[in-house]
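Reviewing the structure listed below.
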Amino acid sequence: MIFNRQQQSLLLEGKEYTSEDIRRLIAGGAEAHSPAYWDLYLFLNKWFDDSPVITVHTSGSTGTPKELVVRKEQMMQSARLTCEFLNLRKGDSALLCMNLRYIGAMMMVVRSLVAGLNLIVRPASGHPLAGIKAPLRFVAMVPLQVYNTLQVPEEKERLKQTGILIIGGGAVDEALETEMKHLPTVVYSTYGMTETLSHIALRRLNGVSASEHYYPFSSVKLSLSSENTLVIDAPLVCDETLQTNDIARIYPDGSFMILGRKDNVINSGGIKIQAEEMERLLRPFIPVPFVITSVPDRRLGQAVTLLLEGQLGTKEIENKLQEIFEPYYRPRYILSTDDIPQTGNGKINRVECRILAKQLVATSKRGEYEGGQEN
């Protein structure tokens, strides 16, 4: 592996590019290149400059997006951890199919630079394997990209010919995980965030090593705060101990499970409800995108709200809510919207969902459904 940036070059679809090559491409202007390649050249130009740091952006899935300044050396250490864990070797093909504004895409490039991977570039889209001809060794996608890929026979076949798939940027629901179990591809769900320079732990989704637990890299130490949120000590990629908002359970072997985010705990009449846990229970019964959110309520403080994408009949859902949940856990409102708000990299935008739900309740006064909780 190469950690000296002055000695690095990028193997891009079989052709080697040095820092000087990138500068020449930049000098030629954007008009001569597709947007996906131009974004890559701009990133590489910043990577090869004299600065030891680079600016990255958080997704904004739970709050206002932020800019973070991170050290390039730490990004290379993160790349090393992943490449060693997955046994990636020089010349292995790796697919870049995400937005280079975010850390997940940046790290695909850095892994290629450090380990000499052959980077294949496609525009960030819902169908990243469309048009891919040769089998790939290593691919990273968000859950929506994986879901879309599985709906198209040709793309699903290409995924089956992929060596390793890592899924990040959002939770993998049970239905998607079930489909993963039947793939010959080695599939991992990842845990991490912008502050940890992508993932610090992986969970195998298929094969004999499949597990419900995430396993951290050996250099990562984990603990729980007084509120049972995960505390991460990852000195190779993060200078300070990181206090997360992820409610977790740590097991004696060092593995862990994420139960949800502290931000997504809904306090409804003194009952604390984890939005992600409710979503997990509802996924088998709701065939459209949805989210559990809340709206302000004078009596309860926060009223649990089910936000559905599209116009879906609610009677069957109401019956299922009655069956699954105790009265104080049932959504007080079921609301429909054209689109569930998302961030730029495909995560649910929880903040925008709360704002939208509040607006919909105000517009419809009582919403489409009220009756989950007894008055």
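The values are calculated or read from the model by the stated rules, or taken from the named source; none is laboratory data. This is a predicted model, so every value here is computed, not measured. Here the Cβ positions follow ideal geometry from the backbone for every residue, glycine too, while neighbour counts run over all protein chains shown.
Annotation: of all residues in region 206-245 being hydrophobic (A, V, I, L, M, F, W, C) and more than 17 Å from I258 (Cα to Cα), the one that is surrounded by the most Cβ atoms within 10 Å (Cβ to Cβ) is V237. Annotation: of all residues in region 135-150 being in contact with a helix residue (DSSP H, G or I) (Cβ under 9 Å, 6 or more places away or on another chain) and of a type in the set (A, V, I, L, M), the one that is farthest from C83 (Cα to Cα) is L150. Every listed requirement among (1) more than 20 Å from the chain's Cα centre (by Cα); (2) closer than 25 Å to C83 by Cβ is met by S226 save one, (2). Within region 97-133, if we keep just the residues that are more than 17 Å from the chain's Cα centre (by Cα) and without any contact (Cβ under 8 Å) to a residue 40 or more places away in the chain, the residue that is surrounded by the fewest Cβ atoms within 10 Å (Cβ to Cβ) turns out to be K133. Restricting attention to region 193-205, the residues that are surrounded by 19 or more Cβ atoms within 10 Å (Cβ to Cβ) and either within 24 Å of L281 (Cα to Cα) or assigned by TED's automatic domain parsing to the domain that holds P289 (or both) add up to 3.
Residue check: is D246 closer than 30 Å to S218 by Cβ, in contact with a Lys or Arg (Cβ under 9 Å, 6 or more places away or on another chain), charged (D, E, K, R) and outside the structural domain of K358 (by TED's automatic domain parsing)?
Working: closer than 30 Å to S218 by Cβ: yes; in contact with a Lys or Arg (Cβ under 9 Å, 6 or more places away or on another chain): yes; charged (D, E, K, R): yes; outside the structural domain of K358 (by TED's automatic domain parsing): yes.
It is true that D246 is closer than 30 Å to S218 by Cβ, in contact with a Lys or Arg (Cβ under 9 Å, 6 or more places away or on another chain), charged (D, E, K, R) and outside the structural domain of K358 (by TED's automatic domain parsing).
Residue-wise test of (1) under 22 Å from G168 (Cα atoms); (2) touching a Lys or Arg at 6+ places or on another chain (Cβ under 7 Å); (3) in the same structural domain as V186 (by TED's automatic domain parsing).
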position	(1), (2), (3)
I22	no, no, yes
Y41	no, no, yes
K72	yes, yes, yes
V110	yes, no, yes
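Of the strands (runs of 3 or more DSSP E) lying entirely inside region 27-144, those carrying at least 2 residues that are farther than 18 Å from S189 by Cα are 53-57, 67-71, 118-121.
Just so you know, in region 167-179 the residues that are within 26 Å of L100 (Cβ to Cβ) and free of Cβ contacts under 8 Å to residues at least 60 places away in the same chain include one that is surrounded by the fewest Cβ atoms within 10 Å (Cβ to Cβ), and it is L176.
Please work out if E154 is touching a Leu at 6+ places or on another chain (Cβ under 7 Å) and surrounded by fewer than 23 Cβ atoms within 10 Å (Cβ to Cβ). In short, no. With respect to the conditions (1) surrounded by 15 or more Cβ atoms within 10 Å (Cβ to Cβ); (2) out of contact with any Ser or Thr (no Cβ under 6 Å at 6 or more places or on another chain); (3) part of a loop (DSSP other than H, G, I, E, B), E276 lacks only one, and its number is (3).
V208 falls short on exactly one of the conditions (1) without any contact (Cβ under 8 Å) to a residue 40 or more places away in the chain; (2) assigned to a loop (DSSP other than H, G, I, E, B); (3) under 16 Å from the mean Cα position of the chain (by Cα), and that condition is (3). Specify the residue that is surrounded by the most Cβ atoms within 10 Å (Cβ to Cβ); the eligible residues are those in region 254-273 that are among the polar types (S, T, N, Q) and outside any strand (DSSP E or B). Once the filter is applied, the top-ranked residue is N264. If you scan region 155-186, which residues turn out to be more than 19 Å from A105 (Cβ to Cβ) and part of a strand (DSSP E or B)? Passing the criteria: only V186.
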